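The values are calculated or read from the model by the stated rules, or taken from the named source; none is laboratory data. It should be emphasised that the depicted structure is a prediction, and the values quoted were computed from it without experimental measurement. Here the Cβ positions follow ideal geometry from the backbone for every residue, glycine too, while neighbour counts run over all protein chains shown. SASA here: full protein model, heavy atoms, side chains in, ligands and nucleic acids out. Shrake-Rupley method; radii C 1.70, N 1.55, O 1.52, S 1.80 Å.
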Amino acid sequence: MRTSSNPVFRNLPRQEGGGYANFGSGVAGAGQYGQQFGNQYPNQYQPYQQAPPTTRAMTIDDVVTKTGITLGVLTLSALVAFGLTAANTSLAPLFVIVGGLVGLVLVLIASFANKMDNPAIVLGYAVAEGLFLGALSFMFTDITFGGTGGSALIGQAVLGTFGVFAGMLVVYKTGAIRVTPRFTRMLIGATIGVVVLMLGNLVASFFTDGGFGLRDGGPIAIVFSLVCIAVAAFSFLLDFDAADQLIRAQAPEKAAWGVALGLTVTLVWLYVEILRLLSYFQND
């Protein structure tokens, strides 16, 4: 049984056959739904046989539609936040802190309270992360906050983010990298390591200027950002594999909201890391 490194995704019941080359029935995944909807059956390790009679099974159209809506709301919220912070720079730290915290709380609620299929939570997360990303992007490109003084950086980061996503989707569909249990364990271990280093650097920064040097723009910071980008990129493979199993298992249509939430979480992380890396080179 494979587990995604995305915090929104959980274990899915084991399915027959590999999903690494079969990702044609869905765009992205939310493995956590395997646990939520699996509890509707007596044996939680038994795959779905069919969607509940009162609803239809999730399809690729559901995934595309819900993901598009979620990203659309996030983009609109980010544009509003960027415009407001451009007019009043004092709002930038507020939006970053409030948006980041609210987004984190909503993800935790969705993950641990089995609310991934709740559109209000998913869209609420999109609004909160939009405020966070809009203000953060402004801070990275405004000289008032030590930014580079140009908004072209944002376009480059967006292009890079969706370029990586498309590339990993191709890698998954062609089976160039197999999502095996060993690969999954290694990636989850790398994700935990990255998170621990981030937290350690944050704590160290309270006592030493720059902490461990993981975010100061130096050579170590560049290498660390590249590692974070690689881990986020490969995490898409686990998400795709989880989604492949979920769709083949005929999970209920409402599970598509969880797919959208899981994808958005990974995309947000990837965008922030790419934006940060590009800012290092601009500062040079």
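Worth pointing out:
- Failed item, numbered, when residue 177 is tested on (1) open to solvent by 80 Å² or more (accessible area, probe 1.4 Å); (2) over 18 Å from the mean Cα position of the chain (by Cα); (3) not charged (D, E, K, R): (1)
- Test: residue in segment 51-58 that is modelled with pLDDT of 50 or more and under 23 Å from residue 130 (Cβ atoms): no
- When residues of segment 208-260 are limited to those that are among the hydroxyl-bearing types (Ser, Thr, Tyr) and in a helix (DSSP H, G or I), the one surrounded by the most Cβ atoms within 10 Å (Cβ to Cβ): 235
- Exclusive hit being polar (S, T, N, Q), open to solvent by 30 Å² or more (accessible area, probe 1.4 Å) and touching a strand residue (DSSP E or B) at 6+ places or on another chain (Cβ under 6 Å), set 75, 55: 55
- A Cβ distance below 6 Å, combined with a sequence gap of six or more or placement on separate chains, defines the contacts here; from segment 220-231, residues that are within 17 Å of residue 187 (Cα to Cα) reach residues that are open to solvent by 10 Å² or more (accessible area, probe 1.4 Å) and of a type in the set (S, T, N, Q) in the pairs 231/191.
- In segment 127-139, the condition of being farther than 26 Å from residue 215 by Cα and at pLDDT 95 or above is met by at least one residue.
- Test: residue in segment 105-126 that is charged (D, E, K, R), assigned to a helix (DSSP H, G or I) and within 20 Å of residue 264 (Cβ to Cβ): no
- Residues satisfying the stated conditions in segment 108-147, i.e. among the hydrophobic types (A, V, I, L, M, F, W, C), open to solvent by less than 30 Å² (accessible area, probe 1.4 Å) and farther than 19 Å from residue 256 by Cβ: 128, 133, 135, 136, 138
- The one condition in (1) among the hydrophobic types (A, V, I, L, M, F, W, C); (2) open to solvent by 10 Å² or more (accessible area, probe 1.4 Å); (3) under 19 Å from residue 136 (Cα atoms) that residue 275 fails to fulfil: (2)
- Count of segment 80-92 residues, restricted to those that are part of a helix (DSSP H, G or I) and exposed (fewer than 14 other Cβ atoms within 10 Å of the Cβ), is 2.
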